[in-house]
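What follows draws every value from the coordinates through simple rules; no lab data is involved. Keep in mind that what you see is a predicted model, and the values were worked out from it rather than measured. Backbone-built Cβ (ideal geometry, glycine too); neighbour counts: all protein chains shown.
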Amino acid sequence: MVQRNPANDSFDSTNILLFLYKWRKPLLWVVLLSIVGSVIVSLSITDKYRSTVIMYPAATNAISQALLTQNKSAMQKSILDFGVEEETEQMLQILHSNRIRDKIIEEFGLQNHYNISPDSKYRLSKLHKRYENNISFKRTEFMAIKISVLDTDPFYAADIANRIADLLDSTKNQIQQERAQKAYEIVKRQYFNLLNEIAQMEDSLTKLREFGVNDYESQSEMLNQQLAREMAVNNIQGMKRIQEKLDILAKYGGPYVALRDQLEYEREKLSILKSKYEEARTDAEEVLPTKFVVNSAFPSERKSYPIRWLIVLTATIAAFLFTLIVILIIENIREYLPVFGKNPDNPTPPNKSKRAVVRRTENETTRERNQYFNASDPGPQPVKEEITSVPPENERQEENNNESSNHMEIKKNNHQHPQPYSRKIEKNDNQMDKYFANTNLLKMLFKWKIHLAVILLISIVLAAIISSPLFITPKFRSHAIIYPSNVMPYSEESESEQMLQFLQSRDIRDQLIAKYDLAKRYKIDSSYKYFQSTINYEYNKNVKISKTPYESVRIEVFDADPVIACKMTEDIIAFYNKKVLNTHKEKYGEVVQFIQDRLEAKKAEIDSIERIHENLRVNFGIIDYPNQSREVARGFLRTVDGNNAAQNINSKEVLQLKKNLEQFGGDWIFYNDRLYQLVGEYSKIKVDLDDALMNYNKKITYANVVSAPYPADKKAYPVRWIIVAVTAVGALFLSLIAVLLIENYESIKRNF
């Protein structure tokens, strides 16, 4: 095997120290200059002061649930409880919203404070970037929220941090009150509608009372008792007057009882609805802090940025390492590229220092020969060869003589032994591997430097031209962050996942495509064979909807017009609200129809029972079976009170009533009890119908917009420097592969 004998067989610590000592002056100068330069640069950086606010989210900020609800469940959180992970993530998302960002920028005049010109082309992008660099929000290891503000003025930083904490309350309450206000209007409308219905029912009962129906059960009992007395004394006029009242009671008693019982149920419903009305009004009109501030911000006495010693240390170490790498490259270039002149480590001229011969030392040859003849294995042993520099002329002559004698001796031994002995020189004929050594790679790069430079330059120019607006239309991005509300999961998915599924639905996509004529905007011919697949692909490429780490949903729209991108984002949210509303309305419509069918069936049954009941009252005189049966028994047995009462009993009427009671009394009891049951069932179904109608007719939104979309002032696509960099690196890599193939063509041809 061919072995190279370098000047230094090992790269130990001594060699490192010698190498550093050799280049001590350049290294010291670089370190010194880096220290001075980094000190100057760090001193030129404006000092910034940090102010922080640490706070916890509240577990709940629904005032009605925390304060007004009577029966609280064991799992319901108190108003004084701290929030956990879910509330912390929601608070982080709200802190990142553009509502807080825009208010802070406006109130503190950050555009002028950051010296951003109002006429700047990318004014908003620069302003938002400076805002994000100086103001940060993160979750601590104790599940709290930390607001950090950096500014050149410590009082300014403290004021901004405290103001952000204050705006968190107003922003979150504003988001929630938008929904609470609509809920309040719905409950308010239902509450006052029910009040009007109860007032109408009370007016109807007042009219019935004007006819003399005040208390059906008591009146029927007393009138029947009095009728029995009048019949006992055979008072025709008295019996006639009482009978008239009984007829009125028989005519209006049923409606009176139905209205009275329904009014009782409606009043119970009104009591429940009134509590909901009070809760909704409280949520809509009152506010409650949404946080617990642990540490408020205060003006810092000491700057937090920049850390000058760290800048100086990092710059010095980086400069030292970079210089060391450059020196190593220079060492390799001097040694292996003769065009750069002599190597300071080797005074021999390049043409002689680079010449090498393969020679075998005498001791090595003798040792290998003895091993060959004495070994039990008859196989030939490989002869090691050593590459050394060319010796002086006298040494070279001596070596030639030694080699000649060695060859003669080997030849003699070969004649003495029948086994063939041949010296094998193991060489790696694969020239591809050697080009991966750093020195050979440098030589190859230097050899092809012009070609590679031209290819690299051409690729950069072409990439810059292709990524320009002449070939790629710039696109602007508009985005929004929203949370779901007023929705309930259908299965095991979360509310955010349900919102994500709705937003990715075909209905919303088709509405957006139709409204903005995206086929024309994307330049897709409607007669194209794969039109639908193509436009869906372009839509999915320009409209991206995803879930954030904070369980919110992010909507991103790319378009050549920033205003159109903003409007498309707003319309996606509007279409989502409409889609969910129609879906819920469709399902509630089925519930309403089902309950209405039940109510109509119950009403028909009540009407049928009332007709039977009216027939028993009018035609058979059975108004109040318990009282009438008792009085008939007294008249039949002649046990009535009064002087000569028994002799004055109208036996014929008593017997007729007795017969009617015996024949139809059971029916009266059955239908009377059934009527009461049906009225109660009817009232309950009516309550269910009112709830279903309320859900069916409500017009609410299903998204809490945390960050509203706005027209961007800077394009988001394409990122030209990435395209140029990737193209340049790719072209250089392919060029290197081509160069390697060209350089190793003969070796590849010979091997394959």
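Brief remarks on what is shown
- Additional length obtainable on full extension of the chain from Ile236 to Glu286, 0.36 nm per residue less Cα span: 11.0 nm
- FRET efficiency, 1/(1 + (r/R0)^6) with R0 30 Å, evaluated for Val41 and Leu741 via beta carbons: 0.05
- In a DSSP loop and with at most 15 other Cβ atoms within 10 Å, the GluC sites (Glu not before Pro) in region 131-184 are Glu141.
- Filter on Lys48/Lys129; Lys182/Lys578; Lys103/Lys515; Lys182/Lys686; Lys587/Lys699 - keep pairs with C-alpha separation over 21 Å: Lys103/Lys515; Lys182/Lys686
- Peptides 668-678, 148-158 ranked from most to least packed by the mean count of surrounding Cβ atoms within 10 Å: 148-158, 668-678.
- Counting other Cβ atoms within 10 Å as a rough exposure proxy, the listed residues Met55, Met499 run Met55, Met499 from fewest neighbours to most.
- Based on Cα contacts under 8 Å between residues 6+ apart, region 100-153 shows a relative contact order of 20 percent.
- Reach of Lys659 by Cα under 25 Å, taken over lysines that are not fewer than 8 positions away in the same chain: Lys240, Lys245, Lys251
- At an R0 of 51 angstrom, the distance between the Cβ atoms of Arg308 and Asp713 translates into a FRET efficiency of 0.90.
- Listed cross-link partners Lys567/Lys715; Lys172/Lys276; Lys172/Lys715; Lys146/Lys544; Lys544/Lys715 are compared with a 19 Å cut-off, the Cα-Cα value being larger for Lys172/Lys276; Lys172/Lys715; Lys146/Lys544.
- In region 526-612, trypsin sites (Lys or Arg not before Pro) in a DSSP loop with at most 15 other beta-carbon atoms within 10 Å: Lys529
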